[in-house]
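All remarks here apply to the structure that follows.
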Amino acid sequence: MDTLSADVVVIGAGQAGLSAGYHLRRTGFAPGSGFVILDADNGPGGAWQHRWPTLVFDRVHGFHDLPGLPLPPADPQRPASEQVSAYFAAYEKTFDLPVRRPVRVRAVRSRPDGRLEVHTDRGTWTARALINATGTWTRPFWPHYPGRSTFRRRQLHTADYRGPAEFAGLRVVVVGGGTSAVQLLGEISTVAAATTWVTRRPPSFNDEEFGPELGRAAVARVDEAVRAGRPPGSVVGVTGLPVTPEVRRLRERGVLDRLPVFDRITPDGVAWADGRFVPADVILWCTGFRAAIDHLAPLGLRAPGGGITMDGTRVVADARVHLVGYGPSASTIGANRAGRAAVNEIRAWLAPAPALH
């Protein structure tokens, strides 16, 4: 295949990637030679298209419009995956964004001439700058516990969940202390024979409404981590779990009576060092995701702390590379802002220096 080139290659067409594409288009980068968006999915929607069907729109934990085109009035009882995917499709068409899919990026390398080389399953691109917007959905995190490989029943991750019906009459252990764990636990508890909720730390429920002050505190904490080269942490670790009417109902039913995480997994359940044992047919790992950035490994961007040292969206170790939807911008409103910030920096960085007279 021929090698293609663009000034800027954007990897990923979720919220962050589309926001970056909008600002690239708006500031004069031509589709094709100026910029291209490479997306691994078969259709529009980013990670939203893979969310479980029972996640209806009124249960979405915050969603913000993409720049320049408001989300049409949402049906609160229709799956969020359908509505957001349709919205993203309309957005790509409205702004004539050059999204190519399905294109899976295998590796990004630096060339002797100073350009970046983006290797994909559909050929190679070279670019002067890169905006990485690959999110986390494709990298579910499975923690290791002794005996996990011996469990004879089913194990799955949040990324595999498709609704509560398949858990009818089963004994289910849900692992994890985030919002998704609480939502899925609530759904499953209505059909399962028994549910057990385990978390590493006692969950922190927050009756305070999630407003600007709490949001700023969460972003500042994560920003501090990435500026120091540490992996970005969980926003829930800063904000706590919101106490919604659904959470109150689950508390009343005893569904949220949590246990500390088990010490080992047996063929038929989970066990603690003090002798406690809970039999299980299913272990559901709601243990979060990690940034999908393995394709950037050839660039050697990781800091000694295990993360990538950032200054805003820019990678400190390589000014050609920007990460959006990463760390403090891993939210729908944060992704919008990061897309704009990355494009503004890249535009200034690529601009030719003024001639000397």
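Tabulated data for the structure shown
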quantity: Residue that is farthest from the chain's Cα centre (by Cα) [pool: residues in the stretch 263-279 that are assigned to a strand (DSSP E or B) and either among the aromatic types (Phe, Trp, Tyr) or more than 12 Å from Tyr145 (Cβ to Cβ) (or both)]; calculated: Phe277
quantity: Evaluation of Pro53 against (1) in a loop (DSSP other than H, G, I, E, B); (2) buried (at least 22 other Cβ atoms within 10 Å of the Cβ) (one fails), failing number; calculated: (2)
quantity: The listed residue being among the basic types (Lys, Arg) and over 30 Å from Pro164 (Cα atoms), out of Arg320, Arg290; calculated: Arg320
quantity: Test: Val321 is among the hydrophobic types (A, V, I, L, M, F, W, C), surrounded by 16 or more Cβ atoms within 10 Å (Cβ to Cβ) and either within 23 Å of the chain's Cα centre (by Cα) or not assigned by TED's automatic domain parsing to the domain that holds Val191 (or both); calculated: yes
quantity: Residue match in the stretch 81-96 (condition: of a type outside the set (Ser, Thr, Tyr) and touching a Ser or Thr at 6+ places or on another chain (Cβ under 8 Å)); calculated: no
quantity: Positions within the stretch 166-192 being out of contact with any helix residue (DSSP H, G or I) (no Cβ under 6 Å at 6 or more places or on another chain), crowded, with 22+ Cβ neighbours inside 10 Å and part of a helix (DSSP H, G or I), in sequence order; calculated: Ala181, Val182, Gln183, Leu184, Leu185
quantity: Checking Phe95 against (1) buried (at least 16 other Cβ atoms within 10 Å of the Cβ); (2) without any contact (Cβ under 8 Å) to a residue 12 or more places away in the chain, the condition it does not meet; calculated: (2)
quantity: Pair list, Cβ < 6 Å and 6+ apart or interchain, from the stretch 100-114 residues that are more than 22 Å from Asp41 (Cα to Cα) to residues that are acidic (Asp, Glu) and outside any loop (DSSP other than H, G, I, E, B); calculated: Arg109/Glu117; Arg111/Glu117
quantity: Of all residues making up the stretch 56-90, the number that are in a helix (DSSP H, G or I) and touching a residue at least 60 places away in the same chain (Cβ under 8 Å); calculated: 2
quantity: Residues that are hydrophobic (A, V, I, L, M, F, W, C) and out of contact with any strand residue (DSSP E or B) (no Cβ under 8 Å at 6 or more places or on another chain), drawn from the stretch 89-128; calculated: Ala89
quantity: Matching residues in the stretch 91-105 - criterion: being assigned to a helix (DSSP H, G or I) and either within 28 Å of Arg162 (Cα to Cα) or of a type in the set (S, T, N, Q) (or both); calculated: Tyr91, Glu92, Thr94
quantity: Extreme residue, farthest from Val324 (Cα to Cα), among residues of the stretch 222-268 that are acidic (Asp, Glu) and modelled with pLDDT under 90; calculated: Glu246
quantity: Among residues of the stretch 1-19, those that are assigned to a strand (DSSP E or B) and either over 13 Å from Tyr326 (Cβ atoms) or not assigned by TED's automatic domain parsing to the domain that holds Gly32 (or both), counted; calculated: 8
quantity: Failed criterion for Leu66 (all others in (1) within 30 Å of Gly178 (Cα to Cα); (2) surrounded by fewer than 17 Cβ atoms within 10 Å (Cβ to Cβ); (3) of a type in the set (A, V, I, L, M, F, W, C) hold); calculated: (2)
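Okay, residues lined up against (1) in contact with a Lys or Arg (Cβ under 9 Å, 6 or more places away or on another chain); (2) in contact (Cβ under 8 Å) with a residue 60 or more places away in the chain:
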position	(1), (2)
Arg258	no, yes
Met310	yes, yes
Thr332	no, yes
Glu345	yes, no
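The values are calculated or read from the model by the stated rules, or taken from the named source; none is laboratory data. Just so it is clear, the model here is predicted, and its values are computed rather than measured. A quick note on method: Cβ atoms are made from the backbone with ideal geometry, for glycine too, and the neighbour counts reach across all protein chains shown.
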